[in-house]
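The values are calculated or read from the model by the stated rules, or taken from the named source; none is laboratory data. This structure is a prediction, so every number in the text was calculated from the model and none was measured. Methodologically, a virtual Cβ is constructed for each residue, glycine included, from the backbone with ideal geometry; neighbour enumeration extends over all protein chains shown. When the accessible area is computed, the model is the full protein with side chains, heavy atoms only, and any ligands, DNA or RNA have been set aside. Shrake-Rupley method; radii C 1.70, N 1.55, O 1.52, S 1.80 Å.
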Amino acid sequence: MVRRHLEALPTFPLPAGYALRMFERGDAATWARLVQAADLHQAVSADRHREVFGEDLDTLRQRQFFLTAPGGEAVGTATAWYGSGGWERDWGRVHWVAIRPDCQGRGLSKPLLHAVLERLRRLGHRRAYLITETVRRAALRLYLRFGFEPDLRRAEDRSVWMDLRRAGLPVALPDCAFEPMR
Ligand SMILES: CC(C)(COP(=O)(O)OP(=O)(O)OC[C@H]1O[C@@H](n2cnc3c(N)ncnc32)[C@H](O)[C@@H]1OP(=O)(O)O)[C@@H](O)C(=O)NCCC(=O)NCCS
């Protein structure tokens, strides 16, 4: 999915007692715990954090967010990452969004995603993309709420999105496929 610009980002307040903080040394394990707990579709280890994000502390401090509950425990994470695989230049990537299962469905992902997109904007990215899967209905709704739209360059993706729309997902499907400016 793509967001063609990073202006006019919707804002959502954090509930009382919740806060956002950035990556700190040792948080690769925090991240793995959260992603593993949130994600019913794949297994994730702390090594995976290194593979995906590297080990540059300054970069991670700038780009990786944790959402903390009252008391300070991390219950969510999301990362304002670089584009890759053809999405370089001014694309930023929303990467590995996860809310701990016992905290899902309370709107907590929204202030977290706002912070990620705002951080991408401040770091000089001008557009954002992400990769997700059709089974992730809450994620799809979240991204649509934030102005992401389907990347319809492949005909087979259009039919998948049409099925999702028939199943009740509030998604608009433009006639013209999005053309990324690479
Ligand atoms: C996706 C995820 C981050 C959303 O976080 P969340 O805090 O539970 O979501 P929110 O409560 O903020 O709700 C976001 C949207 O999803 C909808 N939603 C929440 N739970 C849902 C569910 N079980 N089924 C369908 N939609 C759901 C909400 O209604 C909201 O949409 P709306 O604004 O149109 O009402 C969280 O469910 C999660 O961690 N899932 C597992 C990991 C994952 O799929 N990550 C995304 C990878 S791309």
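Among the residues of segment 102-155, what is the count of those that are among the small types (Gly, Ala, Ser) and without any contact (Cβ under 8 Å) to a residue 24 or more places away in the chain?
Filtering segment 102-155 down to residues among the small types (Gly, Ala, Ser) leaves 105, 107, 109, 115, 124, 128, 138-139, 147, 155.
The next check asks that each one be without any contact (Cβ under 8 Å) to a residue 24 or more places away in the chain; those that pass are 155.
Final tally of qualifying residues: 1.
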All but one of (1) under 26 Å from GLN36 (Cβ atoms); (2) in a loop (DSSP other than H, G, I, E, B) hold for ALA115; which doesn't? (2)
Which residues, counting only those in segment 8-31, are part of a loop (DSSP other than H, G, I, E, B) and free of Cβ contacts under 8 Å to residues at least 24 places away in the same chain? GLY26
Just a yes or no: is a residue in segment 166-178 modelled with pLDDT of 95 or more, touching a helix residue (DSSP H, G or I) at 6+ places or on another chain (Cβ under 7 Å), of a type in the set (A, V, I, L, M) and outside any loop (DSSP other than H, G, I, E, B)? no
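Can you tell which of ARG158, ARG153, ARG121 is outside any loop (DSSP other than H, G, I, E, B) and open to solvent by 80 Å² or more (accessible area, probe 1.4 Å)?
From the options ARG158, ARG153, ARG121, the qualifying one is ARG121.
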Per the filter on segment 135-150, residues surrounded by 15 or more Cβ atoms within 10 Å (Cβ to Cβ), part of a helix (DSSP H, G or I) and among the hydrophobic types (A, V, I, L, M, F, W, C) are ALA139, LEU140, LEU142, LEU144
Please go through segment 42-71 and give me each residue that is at pLDDT below 95 and among the hydroxyl-bearing types (Ser, Thr, Tyr), ordered by number. SER45
Given (1) within 19 Å of ALA32 (Cα to Cα); (2) open to solvent by 40 Å² or more (accessible area, probe 1.4 Å), identify the lone condition not met by PHE65. (2)
